[in-house]
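The values are calculated or read from the model by the stated rules, or taken from the named source; none is laboratory data. All values derive from a computational prediction rather than experimental measurement. All Cβ positions, even for glycine, are placed from backbone atoms using ideal geometry, and neighbour counts span all protein chains on display. Areas reflect the complete protein model, heavy atoms only, side chains present, ligands, DNA and RNA absent. Shrake-Rupley method; radii C 1.70, N 1.55, O 1.52, S 1.80 Å.
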Amino acid sequence: MAQKRALITGITGQDGSYLAEFLLSKGYSVFGLTRRTSTPNYERIKHIEDQIQLIPGDLLDQQSLTTAVEISKPDEIYNLAAQSFVATSWSQPVLTGEFTALGVTRMLEAMRQLAPKAKFYQASSSEMFGQAEESPQTENTRFHPRSPYGVAKVYGHWITINYRESYDLFAVSGILFNHESPRRGLEFVTRKISHGVARIHLGQVEELVLGNLNARRDWGFAGDYVQAMWKMLQQEKPDDYVIATGENHSVEDFVVEAFRVVGISNWKKYVKSSKEYMRPAEVDFLIGNCTKAKKILEWEPTVSFQQLVKMMVENDIALLKKNSK
(Lines give C-alpha, C1' and ligand atoms only; values in the text may rest on other atoms or scores of the structure.)
Protein backbone atom coordinates (compact mmCIF):
# COMPACT_ATOMS: atom_id res chain seq x y z
CA MET A 1 0.00 0.00 0.00
CA ALA A 2 1.35 3.42 -0.96
CA GLN A 3 2.35 5.78 1.81
CA LYS A 4 -0.45 8.21 2.67
CA ARG A 5 0.18 11.91 2.11
CA ALA A 6 -1.17 14.72 4.30
CA LEU A 7 -1.11 18.49 3.88
CA ILE A 8 -1.41 20.52 7.09
CA THR A 9 -2.05 24.26 7.08
CA GLY A 10 -0.96 25.84 10.37
CA ILE A 11 1.70 23.16 10.90
CA THR A 12 3.84 25.50 13.05
CA GLY A 13 1.00 25.98 15.57
CA GLN A 14 0.16 23.93 18.65
CA ASP A 15 -2.28 21.55 16.91
CA GLY A 16 -0.28 21.38 13.68
CA SER A 17 2.86 20.25 15.48
CA TYR A 18 1.06 17.52 17.48
CA LEU A 19 -0.81 16.37 14.36
CA ALA A 20 2.40 16.23 12.29
CA GLU A 21 4.04 14.07 15.00
CA PHE A 22 1.03 11.78 15.12
CA LEU A 23 0.81 11.35 11.32
CA LEU A 24 4.56 10.64 11.10
CA SER A 25 4.07 7.91 13.72
CA LYS A 26 1.40 6.45 11.38
CA GLY A 27 3.87 6.42 8.47
CA TYR A 28 2.47 9.38 6.55
CA SER A 29 4.39 11.72 4.25
CA VAL A 30 3.68 15.08 5.88
CA PHE A 31 3.62 18.41 4.06
CA GLY A 32 3.10 21.68 5.91
CA LEU A 33 2.00 25.07 4.61
CA THR A 34 3.98 27.91 6.17
CA ARG A 35 3.66 31.63 5.72
CA ARG A 36 6.75 33.55 4.76
CA THR A 37 7.44 35.90 7.66
CA SER A 38 10.51 37.96 8.46
CA THR A 39 11.21 35.67 11.41
CA PRO A 40 9.92 32.14 10.81
CA ASN A 41 8.65 30.47 13.97
CA TYR A 42 9.50 26.77 13.65
CA GLU A 43 10.02 26.26 17.40
CA ARG A 44 7.20 23.70 17.78
CA ILE A 45 8.31 21.57 14.80
CA LYS A 46 12.08 21.90 15.21
CA HIS A 47 12.43 18.27 16.38
CA ILE A 48 10.64 16.90 13.28
CA GLU A 49 11.63 19.50 10.69
CA ASP A 50 13.87 17.06 8.82
CA GLN A 51 10.98 14.57 8.51
CA ILE A 52 8.41 16.92 6.95
CA GLN A 53 8.30 19.01 3.79
CA LEU A 54 7.41 22.67 4.25
CA ILE A 55 5.70 24.53 1.40
CA PRO A 56 5.47 28.34 1.41
CA GLY A 57 1.88 29.54 1.14
CA ASP A 58 -0.79 31.75 2.61
CA LEU A 59 -4.53 31.35 3.19
CA LEU A 60 -4.97 34.85 1.71
CA ASP A 61 -3.40 33.80 -1.60
CA GLN A 62 -5.37 31.36 -3.77
CA GLN A 63 -2.51 30.59 -6.14
CA SER A 64 -0.17 29.54 -3.33
CA LEU A 65 -2.78 27.09 -2.01
CA THR A 66 -3.29 25.61 -5.47
CA THR A 67 0.47 25.18 -5.79
CA ALA A 68 0.66 23.55 -2.33
CA VAL A 69 -1.99 20.98 -3.32
CA GLU A 70 -0.18 20.34 -6.60
CA ILE A 71 3.14 19.73 -4.82
CA SER A 72 1.79 17.63 -1.93
CA LYS A 73 -0.81 15.56 -3.88
CA PRO A 74 -2.56 14.94 -0.54
CA ASP A 75 -4.83 12.08 0.49
CA GLU A 76 -5.80 14.19 3.51
CA ILE A 77 -5.88 17.96 4.06
CA TYR A 78 -6.05 19.38 7.58
CA ASN A 79 -6.98 23.07 7.59
CA LEU A 80 -5.76 24.25 10.99
CA ALA A 81 -4.40 27.67 10.01
CA ALA A 82 -6.39 30.70 11.16
CA GLN A 83 -6.10 33.97 12.98
CA SER A 84 -6.89 31.97 16.09
CA PHE A 85 -6.62 34.41 18.96
CA VAL A 86 -10.07 35.65 20.01
CA ALA A 87 -8.82 38.93 21.52
CA THR A 88 -7.02 39.89 18.28
CA SER A 89 -10.22 39.31 16.31
CA TRP A 90 -11.67 42.43 17.96
CA SER A 91 -8.79 44.65 16.84
CA GLN A 92 -8.43 42.97 13.42
CA PRO A 93 -11.93 41.80 12.48
CA VAL A 94 -11.50 42.09 8.70
CA LEU A 95 -8.21 40.22 8.64
CA THR A 96 -9.74 37.55 10.90
CA GLY A 97 -12.55 37.13 8.35
CA GLU A 98 -10.08 36.85 5.47
CA PHE A 99 -8.02 34.15 7.19
CA THR A 100 -10.47 32.27 9.34
CA ALA A 101 -13.53 32.40 7.04
CA LEU A 102 -12.51 33.00 3.42
CA GLY A 103 -9.25 31.08 3.85
CA VAL A 104 -11.35 27.91 4.27
CA THR A 105 -13.12 28.57 0.95
CA ARG A 106 -9.81 29.09 -0.84
CA MET A 107 -8.47 25.81 0.55
CA LEU A 108 -11.66 23.94 -0.42
CA GLU A 109 -11.46 25.43 -3.93
CA ALA A 110 -7.87 24.24 -4.33
CA MET A 111 -8.91 20.76 -3.23
CA ARG A 112 -12.02 20.68 -5.42
CA GLN A 113 -10.02 21.59 -8.51
CA LEU A 114 -6.90 19.49 -7.94
CA ALA A 115 -7.59 16.78 -5.34
CA PRO A 116 -11.35 16.09 -5.27
CA LYS A 117 -10.75 12.56 -3.94
CA ALA A 118 -8.80 13.84 -0.91
CA LYS A 119 -10.36 14.08 2.54
CA PHE A 120 -10.65 17.51 4.14
CA TYR A 121 -10.67 18.43 7.84
CA GLN A 122 -11.80 21.88 8.95
CA ALA A 123 -10.90 23.13 12.44
CA SER A 124 -14.20 24.42 13.78
CA SER A 125 -14.44 25.82 17.29
CA SER A 126 -16.62 25.84 20.41
CA GLU A 127 -16.47 29.66 20.11
CA MET A 128 -19.16 29.22 17.40
CA PHE A 129 -21.64 28.38 20.18
CA GLY A 130 -20.81 31.59 22.05
CA GLN A 131 -23.87 32.47 24.07
CA ALA A 132 -25.10 28.89 23.97
CA GLU A 133 -28.81 28.18 24.32
CA GLU A 134 -28.28 24.75 25.83
CA SER A 135 -25.70 22.96 27.95
CA PRO A 136 -23.73 20.86 27.25
CA GLN A 137 -23.36 21.74 23.56
CA THR A 138 -23.73 19.05 20.88
CA GLU A 139 -23.43 18.91 17.08
CA ASN A 140 -27.03 20.17 16.90
CA THR A 141 -26.76 23.17 19.24
CA ARG A 142 -27.52 26.48 17.51
CA PHE A 143 -24.56 28.81 16.94
CA HIS A 144 -24.52 32.25 18.57
CA PRO A 145 -20.92 33.47 18.23
CA ARG A 146 -19.79 36.37 20.44
CA SER A 147 -16.59 37.53 18.69
CA PRO A 148 -15.42 38.22 15.12
CA TYR A 149 -13.36 35.02 15.49
CA GLY A 150 -16.46 32.98 16.39
CA VAL A 151 -18.41 34.51 13.49
CA ALA A 152 -15.57 33.70 11.04
CA LYS A 153 -15.44 30.12 12.34
CA VAL A 154 -19.20 29.73 11.71
CA TYR A 155 -18.63 30.74 8.08
CA GLY A 156 -15.75 28.23 7.79
CA HIS A 157 -17.95 25.52 9.29
CA TRP A 158 -20.88 26.13 6.95
CA ILE A 159 -18.79 26.53 3.79
CA THR A 160 -17.26 23.11 4.56
CA ILE A 161 -20.73 21.57 4.82
CA ASN A 162 -21.72 23.45 1.65
CA TYR A 163 -18.82 22.00 -0.36
CA ARG A 164 -19.54 18.52 1.01
CA GLU A 165 -23.17 18.72 -0.09
CA SER A 166 -22.62 20.60 -3.36
CA TYR A 167 -19.57 18.78 -4.76
CA ASP A 168 -19.76 15.45 -2.94
CA LEU A 169 -16.38 16.05 -1.28
CA PHE A 170 -15.26 14.20 1.82
CA ALA A 171 -15.15 17.30 4.03
CA VAL A 172 -15.68 17.30 7.80
CA SER A 173 -15.53 19.78 10.67
CA GLY A 174 -14.31 19.02 14.16
CA ILE A 175 -16.00 21.32 16.66
CA LEU A 176 -13.15 21.33 19.15
CA PHE A 177 -13.55 22.79 22.60
CA ASN A 178 -10.53 24.50 24.21
CA HIS A 179 -7.47 22.29 24.08
CA GLU A 180 -4.17 23.26 25.63
CA SER A 181 -0.62 22.00 26.01
CA PRO A 182 2.90 23.16 26.86
CA ARG A 183 3.03 24.31 23.20
CA ARG A 184 0.16 26.78 23.62
CA GLY A 185 1.05 30.38 22.68
CA LEU A 186 1.80 32.75 25.58
CA GLU A 187 -1.11 35.01 24.59
CA PHE A 188 -3.66 32.34 25.58
CA VAL A 189 -4.96 32.50 29.14
CA THR A 190 -4.01 28.93 30.13
CA ARG A 191 -0.38 29.31 29.05
CA LYS A 192 -0.29 32.81 30.53
CA ILE A 193 -1.26 31.23 33.85
CA SER A 194 1.16 28.27 33.69
CA HIS A 195 4.04 30.51 32.59
CA GLY A 196 3.18 33.21 35.16
CA VAL A 197 2.97 30.70 38.01
CA ALA A 198 6.29 29.17 36.93
CA ARG A 199 7.90 32.64 37.02
CA ILE A 200 6.43 33.41 40.46
CA HIS A 201 7.68 30.02 41.69
CA LEU A 202 11.19 30.81 40.42
CA GLY A 203 11.11 34.29 42.00
CA GLN A 204 11.23 36.09 38.62
CA VAL A 205 7.99 38.07 39.10
CA GLU A 206 5.59 38.81 41.93
CA GLU A 207 2.20 38.99 40.26
CA LEU A 208 0.01 37.56 37.52
CA VAL A 209 -2.48 39.88 35.78
CA LEU A 210 -5.55 38.25 34.20
CA GLY A 211 -8.97 39.23 32.86
CA ASN A 212 -12.26 37.52 33.71
CA LEU A 213 -11.60 34.80 36.32
CA ASN A 214 -15.21 33.58 36.16
CA ALA A 215 -15.29 32.56 32.47
CA ARG A 216 -15.77 28.79 32.28
CA ARG A 217 -14.38 26.46 29.64
CA ASP A 218 -14.11 22.81 28.72
CA TRP A 219 -10.33 22.25 28.59
CA GLY A 220 -8.61 19.18 27.13
CA PHE A 221 -5.14 18.19 25.92
CA ALA A 222 -4.22 19.11 22.33
CA GLY A 223 -2.33 15.82 21.84
CA ASP A 224 -5.60 13.91 22.42
CA TYR A 225 -7.61 16.18 20.15
CA VAL A 226 -5.45 15.80 17.03
CA GLN A 227 -6.10 12.06 17.15
CA ALA A 228 -9.82 12.81 16.89
CA MET A 229 -9.14 14.88 13.74
CA TRP A 230 -7.42 11.91 12.14
CA LYS A 231 -10.17 9.50 13.19
CA MET A 232 -12.79 11.70 11.48
CA LEU A 233 -10.99 11.25 8.15
CA GLN A 234 -10.82 7.45 8.53
CA GLN A 235 -14.63 7.06 8.56
CA GLU A 236 -16.74 5.72 5.69
CA LYS A 237 -18.93 8.83 5.61
CA PRO A 238 -17.98 12.48 6.23
CA ASP A 239 -19.66 14.04 9.28
CA ASP A 240 -19.07 16.70 11.95
CA TYR A 241 -18.16 15.97 15.57
CA VAL A 242 -17.91 17.79 18.89
CA ILE A 243 -14.60 17.01 20.62
CA ALA A 244 -14.55 17.88 24.32
CA THR A 245 -14.00 16.48 27.82
CA GLY A 246 -17.52 17.16 29.09
CA GLU A 247 -16.02 18.86 32.16
CA ASN A 248 -16.22 22.53 32.90
CA HIS A 249 -13.74 24.67 34.84
CA SER A 250 -13.38 28.38 35.49
CA VAL A 251 -10.25 30.42 34.81
CA GLU A 252 -10.00 30.68 38.60
CA ASP A 253 -9.99 26.86 38.86
CA PHE A 254 -7.05 26.80 36.45
CA VAL A 255 -5.23 29.39 38.55
CA VAL A 256 -5.83 27.51 41.82
CA GLU A 257 -4.66 24.23 40.27
CA ALA A 258 -1.54 25.84 38.77
CA PHE A 259 -0.49 27.37 42.10
CA ARG A 260 -1.18 24.00 43.78
CA VAL A 261 1.42 22.39 41.50
CA VAL A 262 4.10 24.68 43.01
CA GLY A 263 2.76 24.35 46.57
CA ILE A 264 1.21 27.82 46.93
CA SER A 265 -2.24 27.93 48.55
CA ASN A 266 -2.69 31.69 49.08
CA TRP A 267 -2.83 32.40 45.32
CA LYS A 268 -4.92 35.57 45.77
CA LYS A 269 -1.79 37.32 47.02
CA TYR A 270 -0.29 37.04 43.52
CA VAL A 271 -3.24 37.44 41.13
CA LYS A 272 -4.72 40.73 39.87
CA SER A 273 -7.74 41.07 37.58
CA SER A 274 -7.60 43.84 34.97
CA LYS A 275 -10.33 45.33 32.74
CA GLU A 276 -7.70 45.55 30.01
CA TYR A 277 -8.01 41.79 29.45
CA MET A 278 -11.83 41.66 29.43
CA ARG A 279 -13.57 40.95 26.11
CA PRO A 280 -16.27 43.31 24.74
CA ALA A 281 -18.68 40.35 24.68
CA GLU A 282 -17.70 37.44 26.90
CA VAL A 283 -18.57 33.80 26.40
CA ASP A 284 -19.40 32.76 29.93
CA PHE A 285 -20.03 29.06 29.87
CA LEU A 286 -18.94 26.39 27.39
CA ILE A 287 -19.07 22.63 27.93
CA GLY A 288 -19.15 19.99 25.20
CA ASN A 289 -20.98 16.70 24.81
CA CYS A 290 -18.80 14.31 22.79
CA THR A 291 -21.09 11.25 22.97
CA LYS A 292 -21.17 10.99 19.17
CA ALA A 293 -17.35 11.01 18.90
CA LYS A 294 -17.07 8.41 21.67
CA LYS A 295 -19.56 6.14 19.92
CA ILE A 296 -18.59 6.50 16.25
CA LEU A 297 -14.91 7.50 16.39
CA GLU A 298 -14.21 5.48 19.56
CA TRP A 299 -12.36 8.54 20.81
CA GLU A 300 -11.95 9.57 24.46
CA PRO A 301 -9.80 12.20 26.16
CA THR A 302 -6.92 10.57 28.10
CA VAL A 303 -5.51 13.57 30.02
CA SER A 304 -7.45 14.97 33.00
CA PHE A 305 -7.76 18.68 33.85
CA GLN A 306 -5.35 18.26 36.79
CA GLN A 307 -2.82 16.38 34.65
CA LEU A 308 -3.02 19.06 31.95
CA VAL A 309 -2.36 21.94 34.35
CA LYS A 310 0.50 20.04 36.00
CA MET A 311 2.07 19.21 32.61
CA MET A 312 1.94 22.86 31.55
CA VAL A 313 3.30 24.34 34.79
CA GLU A 314 6.13 21.80 35.09
CA ASN A 315 7.07 22.30 31.45
CA ASP A 316 7.23 26.09 31.90
CA ILE A 317 9.39 25.74 35.01
CA ALA A 318 11.82 23.50 33.08
CA LEU A 319 11.79 25.90 30.11
CA LEU A 320 12.50 28.97 32.25
CA LYS A 321 15.33 27.20 34.08
CA LYS A 322 16.85 26.14 30.76
CA ASN A 323 16.57 29.66 29.32
CA SER A 324 18.11 31.29 32.40
CA LYS A 325 21.21 29.13 31.92
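Table for the structure above
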read-out: Relative contact order %, region 50-169, counting alpha carbon pairs below 8 Å whose residues are six or more apart; value: 29 percent
read-out: Which of A82, N41, I159, positive extreme of dipole for the chain (C-beta unit charges); value: N41
read-out: Long pairs among K46/K272; K153/K192; K153/K231; K231/K325, criterion Cα-Cα beyond 32 Å; value: K46/K272; K231/K325
read-out: Accessible-area composition of the chain, carbon plus sulfur, in percent [1.4 Å probe]; value: 48 percent
read-out: Contact order normalised by residue count of the chain, Cα under 8 Å, 6+ apart, percent; value: 17 percent
read-out: Within straight-line cross-link reach of K268, aspartates and glutamates at Cα separation under 20 Å, skipping those fewer than 8 residues along the same chain; value: E206, E207, E252, D253, E257, E276
read-out: Debye equation applied to the C-alpha atoms of region 128-225, log10 I(q)/I(0) at 0.10, 0.12 Å⁻¹; value: -0.41, -0.56
read-out: Amide proton proximity set for R216, modelled H, under 5 Å, gap of 5+; value: F285, L286
read-out: At R0 = 56 Å, FRET efficiency that the Cβ-Cβ distance of Q3 and K321 yields, to 0.05; value: 0.90
read-out: Cα-centre dipole for the chain with unit charges at Cβ (Lys and Arg positive, Asp and Glu negative), debye to 20; value: 600 debye
read-out: Cα principal axis extents for the chain, largest first, Å; value: 58, 48, 38
read-out: Farthest toward positive dipole pole in region 220-278 [+1 Lys/Arg, -1 Asp/Glu at C-beta], among G223, W267, A244; value: W267
read-out: Placed amide H near V262: partners under 5 Å, 5+ positions off or other chain; value: none
read-out: Charge sum, other residues only, whose C-beta stays under 14 Å from G288's C-beta, Lys/Arg counted +1 and Asp/Glu -1; value: -4
read-out: DSSP beta bridges in the chain [antiparallel fraction, %, rounded to 5]; value: 5 percent
read-out: Nonlocal amide H pairs with K4, under 5 Å, H built at 1.01 Å; value: S29
read-out: Under Karplus coefficients 6.51, -1.76 and 1.60, residue-wise ³J(HN,Hα) of region 240-249 in Hz, glycine/proline x; value: 9, 9, 7, 10, 7, 9, x, 10, 10, 9
read-out: Average accessible area per residue (Å²) across region 1-101 - probe 1.4 Å, nucleic acids and ligands excluded; value: 47 Å²
read-out: Cα→Cβ-extended label distance, 7 Å offset, between A87 and H144, nm; value: 2.6 nm
read-out: Region 13-101: relative contact order as a whole-number percent, Cα under 8 Å and 6+ apart; value: 24 percent
read-out: Debye intensity ratio I(q)/I(0), log10, region 27-111, q values 0.27 Å⁻¹ (C-alpha model); value: -1.39
read-out: Calculated FRET efficiency for the pair E70/E133, C-beta based, R₀ 56 Å, to 0.05; value: 0.80
read-out: Surface per residue (accessible, 1.4 Å probe) for region 164-232, Å²; value: 34 Å²
read-out: Solvent-accessible area of H201 with every protein chain in place, 1.4 Å probe, in Å² to the nearest 10; value: 90 Å²
read-out: Full-extension gain in nm, Q51 to L24, via 0.36 nm per residue minus C-alpha separation; value: 8.9 nm
